[in-house]
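The values are calculated or read from the model by the stated rules, or taken from the named source; none is laboratory data. Since this is a predicted model, take the numbers as computed values, not measurements. Methodologically, a virtual Cβ is constructed for each residue, glycine included, from the backbone with ideal geometry; neighbour enumeration extends over all protein chains shown.
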Amino acid sequence: MVATVLPRVARPPTAGELTLADTDSVRLMLRGDSVIDWHKLSFSDHPEVDRFLRLNEFDPESDEEMGRLEDLRADAVDYLARAYAMAIPDEVAADLPARDLFLVASSTGPHQKWACVVLKVMHIIHHINGRQALLKVSVSDEVIFREIELKVVQVVEQLRAAGAPLTEFEWSRKPRDSQITKLLAKRSTLAANIYDKLRFRLIVPQYQDLVPMLATLTRQLIPFNYVVPGESVNQLLDLKGVLPTEPLPEGAQPAEVPVNEFSGPEYRIINFVADLPLRLERLLPRHDIPPDLSHVVFVLTEFQVCDKATAHNNESGASSHEAYKARQHERVRMRLFRDKDDPLPPD
């Protein structure tokens, strides 16, 4: 197995030790916002940038992978020039190392906005390249899911050893029958819309441990830029009470919060989806990888986080999993057997 280049696990931060980058990342995770709507980053120094690059599976000490970052910057600048006739300042377009754009985008200098624009396009191009790479290689879901599980479990076990507040940790794959049932129950029948084929569940001891745990995940495992917009559910944390508030950028729309109509009225959870980066070398021998493919692919992964007391309440009465499945199965029966003149039940 090829090792990842994830940041070295350190002691998890307490609520009072969160940086501005931490709070920005957690806020995005909880609201389901998109980084494309951001107007500024919050990196303070090169070590913080390097940690973020490692989360995205770029090794800052590898000339080859920093070369890939430079190629992404060149592609982004070329796109902006062709599509929008933008004349990017030379410092941003080529002169500074691409790695330094994160600090420029976090500054108050004259090139701050330009650095943000270029990084946004780099983010999109990298994601497209990773998605295309996964389509071009012949690897089964079994292999892909196994490697994501190994990656996540390795990080979580290191976090536990470092003192992260974690009472329970489990993961599961959605069985094929459950996928069929879910698609039959929902109006959308696209298999691509099943985000929880692979799910990880983390339970912390106390309510006050939720924000430090989320911040720890964005530091050590989940790049905030690949949290899927519009797929976050936050039924536990009052953002105004636990994080400094910040208005949405001008023109940006708040993410639509997805509602699971099959959950019980008292069910509470923090739920979000991330397209986790995975090094292609974990799936294929290096000599079998064409040189023009992205070295990173992406795998949709769902995360659930809650405190122990809430987890206990979620498993009782109308909130239990058994009650959830019963409501879902009843919807499927209605859709499969309804008369042609009967109205379709709303989603």
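When you go through (1) surrounded by fewer than 16 Cβ atoms within 10 Å (Cβ to Cβ); (2) without any contact (Cβ under 8 Å) to a residue 12 or more places away in the chain; (3) of a type outside the set (D, E, K, R); (4) on the phi < 0 side of the Ramachandran plot one by one for residue 36, which number turns out not to apply? For residue 36, the exception is condition (2). Of all residues in the stretch 4-19, those satisfying the criterion of being part of a helix (DSSP H, G or I) and free of Cβ contacts under 8 Å to residues at least 24 places away in the same chain are 16, 17. Residues in the stretch 137-149 that are surrounded by fewer than 12 Cβ atoms within 10 Å (Cβ to Cβ) and of a type in the set (D, E, K, R): 141, 142. Of everything in the stretch 39-55 that is of a type outside the set (A, V, I, L, M, F, W, C) and assigned to a helix (DSSP H, G or I), the residue that is surrounded by the fewest Cβ atoms within 10 Å (Cβ to Cβ) is 47. Total residues in the stretch 95-117 satisfying the condition of being in a loop (DSSP other than H, G, I, E, B) and either over 23 Å from residue 37 (Cβ atoms) or among the β-branched types (Val, Ile, Thr) (or both): the figure is 3. Give the residues of the stretch 24-38 that are part of a helix (DSSP H, G or I) and closer than 16 Å to residue 272 by Cα, sorted by residue number. Passing the criteria: 24, 25, 26, 27, 28, 29, 30, 31, 35. Taking every residue in the stretch 196-218 that is touching a residue at least 40 places away in the same chain (Cβ under 8 Å) and pairing it with any residue that is surrounded by 21 or more Cβ atoms within 10 Å (Cβ to Cβ) and of a type in the set (Ser, Thr, Tyr), at least 6 positions away or on another chain, the pairs with Cβ-Cβ distances below 6 Å are 198/301; 218/25. From the set of residues in the stretch 204-250 that are touching a Ser or Thr at 6+ places or on another chain (Cβ under 7 Å) and assigned to a loop (DSSP other than H, G, I, E, B), which is modelled with the lowest pLDDT? In this case the residue turns out to be 244. Scanning the stretch 266-293 for residues that are surrounded by fewer than 21 Cβ atoms within 10 Å (Cβ to Cβ) and of a type in the set (A, V, I, L, M) turns up 269, 284, 289, 293.
Residue-wise test of (1) loosely packed, with under 14 Cβ neighbours inside 10 Å; (2) of a type in the set (Gly, Ala, Ser); (3) not in a helix (DSSP H, G or I).
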position: 61; (1), (2), (3): yes, no, yes
position: 77; (1), (2), (3): no, no, no
position: 81; (1), (2), (3): yes, yes, no
position: 86; (1), (2), (3): no, no, yes
position: 93; (1), (2), (3): no, yes, no
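Restricting attention to the stretch 156-173, the residues that are under 15 Å from residue 199 (Cα atoms) and not small (Gly, Ala, Ser) total 6. Remark: residue 102 falls outside the filter, which requires a residue to be under 22 Å from residue 151 (Cβ atoms), of a type outside the set (Lys, Arg), modelled with pLDDT of 95 or more and crowded, with 18+ Cβ neighbours inside 10 Å.
Number of residues in the stretch 263-299 that are in contact with a helix residue (DSSP H, G or I) (Cβ under 9 Å, 6 or more places away or on another chain), aliphatic (A, V, I, L, M) and part of a strand (DSSP E or B): the value is 7. Of the numbered criteria (1) surrounded by fewer than 17 Cβ atoms within 10 Å (Cβ to Cβ); (2) modelled with pLDDT of 80 or more; (3) of a type outside the set (Lys, Arg), the one residue 258 fails is (2). State whether the residues of the stretch 169-177 include one that is closer than 30 Å to residue 70 by Cβ, of a type in the set (Gly, Ala, Ser), modelled with pLDDT under 90 and outside any helix (DSSP H, G or I). No: the stretch 169-177 contains no residue that is closer than 30 Å to residue 70 by Cβ, of a type in the set (Gly, Ala, Ser), modelled with pLDDT under 90 and outside any helix (DSSP H, G or I).
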